[in-house]
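One structure is given here, and the rest of the page talks about it.
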Amino acid sequence: MDALTLVLILLIIFATYLIYKQFSQKIAVKPSAVKKDEIIEEYKQKLEQIKTNYKDDESKLKIEKMKFIKQVNTELSMNLFFDEHEAKKIIQDLLK
């Protein structure tokens, strides 16, 4: 009976240790400034890709750029990282 109680106590301690270790693991979270910069860079890269894909057809380039800017505007308006003024500034930078 004593051996069984000891094994049971050890199992409870081991299970508690595993649960503690699982919940104490740190999750790497990027600062919001870094995440903002990554998002802006991604938009710039996508815009450059559009420019290279449609460099021969000016009218198609304008259409695709406007589609992309509308998409960016929609995404930024729903993104919690950016406020209205930042979103306008990003769009103006992309249009230049």
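For the stretch 4-19, does any single residue satisfy the condition of being within 22 Å of the chain's Cα centre (by Cα) and free of Cβ contacts under 8 Å to residues at least 40 places away in the same chain?
No, the stretch 4-19 has no match at all.
Somewhere in the stretch 30-52, is a residue at pLDDT below 80 and either surrounded by fewer than 10 Cβ atoms within 10 Å (Cβ to Cβ) or part of a helix (DSSP H, G or I) (or both)?
Let us first name the residues in the stretch 30-52 that are at pLDDT below 80, namely 30.
Imposing the further condition that a residue be either surrounded by fewer than 10 Cβ atoms within 10 Å (Cβ to Cβ) or part of a helix (DSSP H, G or I) (or both) reduces the set to none.
The answer is no, given that none of the residues of the stretch 30-52 is at pLDDT below 80 and either surrounded by fewer than 10 Cβ atoms within 10 Å (Cβ to Cβ) or part of a helix (DSSP H, G or I) (or both).
Go through the stretch 2-19 and report how many residues are among the aromatic types (Phe, Trp, Tyr) and either surrounded by fewer than 10 Cβ atoms within 10 Å (Cβ to Cβ) or under 30 Å from Phe81 (Cα atoms) (or both).
Qualifying residue count, the stretch 2-19: 0.
So which residues in the stretch 20-29 are assigned to a helix (DSSP H, G or I), open to solvent by 100 Å² or more (accessible area, probe 1.4 Å) and closer than 30 Å to Phe81 by Cβ, if there are any at all?
Correct list: Gln22, Phe23.
If I go through the stretch 56-80 residue by residue, how many of them are assigned to a loop (DSSP other than H, G, I, E, B), exposed (fewer than 13 other Cβ atoms within 10 Å of the Cβ) and not acidic (Asp, Glu)?
Pass one, the stretch 56-80, residues assigned to a loop (DSSP other than H, G, I, E, B): 56-57, 79-80.
Narrowing further to those that are exposed (fewer than 13 other Cβ atoms within 10 Å of the Cβ): 56-57, 80.
Narrowing the set further to residues that are not acidic (Asp, Glu) leaves 80.
Adding up the residues that qualify gives 1.
The values are calculated or read from the model by the stated rules, or taken from the named source; none is laboratory data. Quick caveat: nothing in here was measured; it's all calculated off a predicted structure. When we count neighbours, we look across all protein chains shown, and the Cβ atoms used for this are built from the backbone with ideal geometry, even at glycine. Side chains are part of the model used for accessible areas, which takes the heavy atoms of the whole protein and leaves out ligands, DNA and RNA. Shrake-Rupley method; radii C 1.70, N 1.55, O 1.52, S 1.80 Å.
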